[in-house]
Amino acid sequence: MTGAVGWVVLGAGGHARSVVDVLERGGHTVVAVSGAAPVGEPWHVDVLADDRAAFELLAGQRLHAVVAIGANPVRARLVRELVARGLSVPPVVAATATVSPRSLVGAGSVVLEHAHVGPASRVGEAVVVNTAAVVEHDCSVGVGAHIAPGAVLLGGASVGGGTLVGSGARVLPGLTVGAGVTVGAGAVVTRPVGDGETVVGIPAATPELSGTRGTRRTAGTRPHGGTT
Ligand SMILES: CC(C)(COP(=O)(O)OP(=O)(O)OC[C@H]1O[C@@H](n2cnc3c(N)ncnc32)[C@H](O)[C@@H]1OP(=O)(O)O)[C@@H](O)C(=O)NCCC(=O)NCCS
């Protein structure tokens, strides 16, 4: 994070507030945020109208960028675009977070307060390792995934691109959760989860479709993207 004089944060909602806090507590200057701010919650920094205005500002000055937008595909797309334009999109790591020197954290990713990334883990681009989330040793987290507050990936777990691991959820050691998956808050994933699935509960299972409320199937038994 050296050489540039400040940061532009793409996003102006709740996640952006957390990211701005992390930067400012780390002694960095946030020059502006971009996008629609929640009504009645004024920002203490400049608010740019949209992401295009942020790109223009970044192109004209020596600033770092971070994308603080919760929507996984949008965040991943914007980080890719920033990187493609040669703009500076370093990972942001909170001072209270612990990131192993033997791990990799990709461009445009954020590791928020009290989170942990263990040794030999690989965290892709545009990933959110949110407050107090744990990515244990030897894990893999795909581009644009979000490990929500308090979620835990145990050793050797793998999470695909664009997946949300909900708050407080756990993925047991060595398991693979596919791409574009939603793991519900508080779930415990005990079996592999295929691409595009949603799983909830303990053990994590796919909620049945409407008309069969209350019954759940074990994760991994539903065809990828299937609608049985
Ligand atoms: C799993 C989730 C995506 C489902 O959202 P949804 O599609 O809007 O689902 P609904 O709220 O309509 O609930 C559908 C059913 O699943 C149940 N359900 C929803 N979330 C659940 C969860 N986390 N654990 C157990 N059951 C859950 C609901 O009770 C409901 O059950 P019912 O049909 O028997 O009444 C969501 O509840 C969730 O857990 N999101 C993660 C949130 C999070 O951690 N975000 C991070 C922000 S930083």
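Here is the figure for segment 143-178: residues that are more than 16 Å from the ligand (Cβ to nearest atom) and either surrounded by fewer than 24 Cβ atoms within 10 Å (Cβ to Cβ) or not in a loop (DSSP other than H, G, I, E, B) (or both) total 12.
Are any residues in segment 27-70 assigned to a loop (DSSP other than H, G, I, E, B), of a type in the set (D, E, K, R) and over 24 Å from Val105 (Cβ atoms), and if so, which ones? Correct list: Glu41, Asp50.
Name the single residue that is farthest from Gly6 (Cα to Cα) among those in segment 29-46 being within 23 Å of the chain's Cα centre (by Cα) and surrounded by fewer than 17 Cβ atoms within 10 Å (Cβ to Cβ). Filtering segment 29-46 for residues that are within 23 Å of the chain's Cα centre (by Cα) and surrounded by fewer than 17 Cβ atoms within 10 Å (Cβ to Cβ), the one farthest from Gly6 (Cα to Cα) comes out as Pro38.
If you scan segment 56-72, which residues turn out to be in contact (Cβ under 8 Å) with a residue 24 or more places away in the chain and hydrophobic (A, V, I, L, M, F, W, C)? Answer for segment 56-72, where residues must be in contact (Cβ under 8 Å) with a residue 24 or more places away in the chain and hydrophobic (A, V, I, L, M, F, W, C): Leu57, Leu58, Ala59, Leu63, Ala65, Val66, Val67, Ala68, Ile69. Taking the criterion of being outside any loop (DSSP other than H, G, I, E, B) and either over 17 Å from the mean Cα position of the chain (by Cα) or more than 19 Å from Arg62 (Cβ to Cβ) (or both), the residues of segment 84-107 that qualify are Ala84, Ser88, Val93, Thr98, Val99, Leu104, Val105. Among the conditions (1) at pLDDT 95 or above; (2) away from the ligand (no atom under 13 Å from the Cβ), Thr218 misses just one, which is (1).
The values are calculated or read from the model by the stated rules, or taken from the named source; none is laboratory data. What you are looking at is a predicted structure, and each value in this text was computed from that prediction instead of being measured. No Cβ is skipped: glycine too gets one built from the backbone with ideal geometry, and neighbour counts run over all protein chains shown.
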